[in-house]
Each structure stands twice: as C-alpha cells, then as structure tokens.
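Below: the structure, in structure tokens.
The values are calculated or read from the model by the stated rules, or taken from the named source; none is laboratory data. Just so you know, these numbers come straight off a predicted model, no measurement behind them. Positions of Cβ are backbone-derived with ideal geometry, glycine not excepted, and every protein chain shown enters the neighbour counts.
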Amino acid sequence: TAYVENQNKPRNEYKEIIDVGYSQLGSESAWRLANTRSIKEAAKDLGINLIYEDADQSQEKQIAAIRKFIDMKVDVIVISPVVDNGWNEILQEAKDAGIPVLLSDRKVEVEDDSLYSTYIGADFIEEGRRAMRWIKENVPAEEEAVNILEIQGTLEASPTVERKQGFEEILNNNSGYEIVYSKGGDYTYAGGKEVIEEYMKTHEWDIDAIFAHNDDMALGAIKALEAYEIEPGKDVKIVSVDGTRKAFEAMIEGKLNCVVECSPLLGPQLMKAIQDLMDGKELPLRIITDEKIYTQDEAKDVLSSRKY
Ligand code: AHR
C-alpha cells in the first residue's frame with residue numbers, strides 16, 4: 001500500500017498532517033485523566049490529528065479501536081494497553097498494513113519486539129523498589145514481622161506486574177517483612193476501598209503498612225479504614241504510586257505517608273517520537289521518564305506546583 005512505501009520517507013515529502021489513532025485504555029484514575037489531557041494537548045500544539053478512543057478498561061474494545069485505525073489507514077497507532085498479553089495478532093495486523101505502533105505508558109509481552117517501534121513510560125520496577133525502600137526505612141521490623149497489605153492494580157497490567165516485582169525484590173532482601181494479603185483494585189478508588197472492606201470482613205486487623213499500586217486506590221482504602229476507625233497514616237502507614245494532587249492533600253492531612261511519583265505527562269515526548277518516526281529517524285526501543293518520591297514533610301511546599 002501507499003503507507004508501506006511512504007513509511008521511511010521524510011514526513012513532508014508525502015503529507016503535512018499526521019493522523020494518529022490513539023487507543024487509551026480508560027479513565028479509571030486521576031493519573032489517567034491527566035495522561036489523556038497531556039496527550040491531547042501535545043497533539044494539538046503540534047498540529048497532529050489525534051483520533052482518540054477510550055476503551056473503558058476493556059482489551060476487546062482496544063482491539064476493535066485498533067482495527068478501526070487500521071481500516072482508516074492512519075499514519076501511526078498509539079496504544080496504552082490495559083493488560084500486557086494478548087496483543088500478538090492485532091499488532092501483526094498493524095504491521096502487515098504498514099502502520100507503525102507506539103506504546104505509551106504500559107508495555108506488552110509479544111513474541112516479536114519489532115511489532116512496535118518504541119515504548120514511552122515509567123520504570124515501574126523501580127517504583128515498586130522505591131515503595132518498599134520507604135517502608136523498610138520507616139516501618140522498622142522489630143521482634144514481630146511487619147505485616148503488609150498490598151492493593152494491586154489491574155491484574156496482568158505491566159505496572160502491576162512490575163511494581164510488585166520491584167517491591168518484592170527489596171522485601172525479599174530484608175527479613176521481617178511479609179505481604180500477608182494481596183488483591184487487585186483495578187486502579188480505581190472504588191477498587192481500593194473494596195479491598196480493605198473485604199479484608200475487614202474476613203480478618204482481624206493486623207496490618208502495619210499498605211502498599212497501594214496507585215493513589216486512587218490508596219484514597220479509597222483511606223476512606224474504608226476511617227469507617228472502621230483505623231487512623232490511616234498513623235495506625236497503618238500507607239505508600240502509593242502516582243503523585244496526584246489529591247494524594248498530596250492526603251499527605252498534608254497526615255493520612256498518606258509517601259507517594260512514589262509516576263508521571264502521566266507523556267504527551268510532549270510521545271508526539272516528538274511520532275514526529276521523529278515520520279521523519280524517518282530511528283527511535284530508541286524504550287524512553288523512560290524521570291521520577292522521585294515525596295513524603296509528608298515536603299507535601300505542603302510541593303502541592304501548588306503539582307501539574308496533575
Ligand atoms: O499505567 C499507569 C497506572 O495506571 C497509574 O499508576 C494508575 O494511576 C493508572 O490507572
């Protein structure tokens with residue numbers, strides 16, 4: 001097709017406006033809303049035509065959207081994949097149609113890495129390590145083991161798998177820490193709240209620290225704990241990932257102890273990668289974003305400068 005022939009030619013030799021089909025996985029969290037905003041704004045700023053589809057956390061809907069983009073013969077497809085597996089076939093269809101695919105935020109496990117051009121996102125393994133390092137330094141293991149409750153994100157999503165991996169890596173190198181309960185909360189406020197409610201129905205409260213894979217779930221957990229008169233941030237230490245404004249507010253209130261930053265502001269990097277690709281430039285296989293951790297001490301000073 002014309003698209004295959006044009007693939008490596010400088011963009012300006014064949015068309016002015018780049019058509020990008022973007023399959024966003026959903027709108028499940030404050031992080032995700034900021035991510036969508038960042039991508040839409042960056043596309044607008046650069047005059048890129050973004051065709052946006054929200055999949056409502058359904059892989060089936062994502063696959064249907066990607067197929068639609070292939071039929072539309074867009075120049076580039078961007079996917080934020082809800083889970084990491086089950087993508088071989090549809091990515092092969094895009095490749096056969098000569099349409100390059102970029103991954104934004106989450107990764108895929110595929111047989112052939114040439115099915116996508118690059119992945120832009122955070123180092124989720126390091127985020128998990130950072131969370132457990134904070135617990136190790138701030139919830140010391142004494143005679144009794146430190147009991148940790150883990151609220152995982154969407155199961156089989158790359159941030160869930162990798163945050164858990166990084167967290168357990170540090171945990172396994174330090175005796176006296178144990179994950180005594182671990183359930184998925186789908187990266188939503190309601191999901192985080194339900195994990196705690198479910199735990200309360202079936203257990204005596206014996207938790208020292210909570211590791212929530214994102215802020216929304218931590219905030220839901222905080223709500224549930226308060227209903228049981230457990231003081232979040234004091235009776236139980238809580239660490240989560242993202243660094244949203246609401247999480248900073250919860251730190252200022254003393255209810256959340258630490259957030260490991262994961263930036264959703266991927267739009268500018270993503271659009272630059274798309275332009276480079278269309279200009280025939282080679283892309284690195286991974287583009288990693290720069291992040292840090294925040295605690296209650298600095299939350300007040302930092303809140304006004306948070307962009308999401
Ligand atoms: O994939 C990134 C994760 O997905 C963020 O941590 C979470 O908030 C979002 O829903």
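I'd like to check something: does the stretch 80-93 contain any residue that is among the aliphatic types (A, V, I, L, M) and in the same structural domain as residue 225 (by TED's automatic domain parsing)? No, there is no match, as no residue in the stretch 80-93 is among the aliphatic types (A, V, I, L, M) and in the same structural domain as residue 225 (by TED's automatic domain parsing). The numbered conditions (1) touching a helix residue (DSSP H, G or I) at 6+ places or on another chain (Cβ under 7 Å); (2) within 16 Å of the ligand (Cβ to nearest atom) are all true for residue 149 except (2).
For first residues located in the stretch 93-105 and without any contact (Cβ under 8 Å) to a residue 24 or more places away in the chain, partners that are assigned to a helix (DSSP H, G or I) and lie 6+ apart or on another chain with Cβ distances below 6 Å form the pairs 95/115.
With the condition being in contact with a Gly (Cβ under 7 Å, 6 or more places away or on another chain), I'd like the strands (runs of 3 or more DSSP E) fully within the stretch 52-170 carrying at least 1 qualifying residues.
Details: elements: 76-79, 101-104, 118-121, 146-152.
The strands (runs of 3 or more DSSP E) meeting that bar are 76-79, 101-104, 146-152.
Quick one: which residue in 274, 210, 238, 222 is in the same structural domain as residue 35 (by TED's automatic domain parsing) and among the β-branched types (Val, Ile, Thr)? Step through it out loud before you land on a result.
Numbers: 210 fails: in the same structural domain as residue 35 (by TED's automatic domain parsing); 238 fails: in the same structural domain as residue 35 (by TED's automatic domain parsing); 222 fails: in the same structural domain as residue 35 (by TED's automatic domain parsing).
That would be 274, the only listed residue that is in the same structural domain as residue 35 (by TED's automatic domain parsing) and among the β-branched types (Val, Ile, Thr).
Residues in the stretch 232-245 that are out of contact with any helix residue (DSSP H, G or I) (no Cβ under 6 Å at 6 or more places or on another chain) and surrounded by 15 or more Cβ atoms within 10 Å (Cβ to Cβ): 233, 236, 237, 243, 245. Collect the residues in the stretch 47-57 that are over 16 Å from residue 105 (Cα atoms) and surrounded by 15 or more Cβ atoms within 10 Å (Cβ to Cβ), keeping them in residue-number order. Within the stretch 47-57, 48, 50, 51 meet the criteria. Annotation: of all residues in the stretch 236-261 being in a strand (DSSP E or B) and acidic (Asp, Glu), the one that is farthest from the chain's Cα centre (by Cα) is 261.
Cβ separations smaller than 8 Å between residues 6+ apart or across chains give the following pairs from the stretch 284-300 residues that are assigned to a helix (DSSP H, G or I) to residues that are of a type in the set (S, T, N, Q) and surrounded by 13 or more Cβ atoms within 10 Å (Cβ to Cβ): 296/257. Can you find a residue that is surrounded by fewer than 20 Cβ atoms within 10 Å (Cβ to Cβ), within 16 Å of the ligand (Cβ to nearest atom), at pLDDT 95 or above and under 23 Å from the mean Cα position of the chain (by Cα) anywhere in the stretch 76-96? Looking through the stretch 76-96, at least one residue is surrounded by fewer than 20 Cβ atoms within 10 Å (Cβ to Cβ), within 16 Å of the ligand (Cβ to nearest atom), at pLDDT 95 or above and under 23 Å from the mean Cα position of the chain (by Cα).
Mind checking whether some residue in the stretch 193-208 is within 11 Å of the ligand (Cβ to nearest atom) and at pLDDT 95 or above?
No, because not a single residue in the stretch 193-208 is within 11 Å of the ligand (Cβ to nearest atom) and at pLDDT 95 or above.
Restricting attention to the stretch 216-235, which residues are touching a strand residue (DSSP E or B) at 6+ places or on another chain (Cβ under 7 Å) and either over 13 Å from residue 150 (Cα atoms) or not in a helix (DSSP H, G or I) (or both)?
To start, the set of residues in the stretch 216-235 that are touching a strand residue (DSSP E or B) at 6+ places or on another chain (Cβ under 7 Å) comprises 217-218, 221-222, 225-226, 230, 232.
222, 225, 226, 230, 232 - these are the residues of the stretch 216-235 that are touching a strand residue (DSSP E or B) at 6+ places or on another chain (Cβ under 7 Å) and either over 13 Å from residue 150 (Cα atoms) or not in a helix (DSSP H, G or I) (or both).
The residue pairs whose first member lies in the stretch 186-202 and is assigned to a helix (DSSP H, G or I), whose second member is of a type in the set (A, V, I, L, M) and away from the ligand (no atom under 16 Å from the Cβ), and whose beta carbons are closer than 7 Å, counting only pairs six or more residues apart or on different chains, are 193/224; 196/224; 196/225; 197/224; 199/149.
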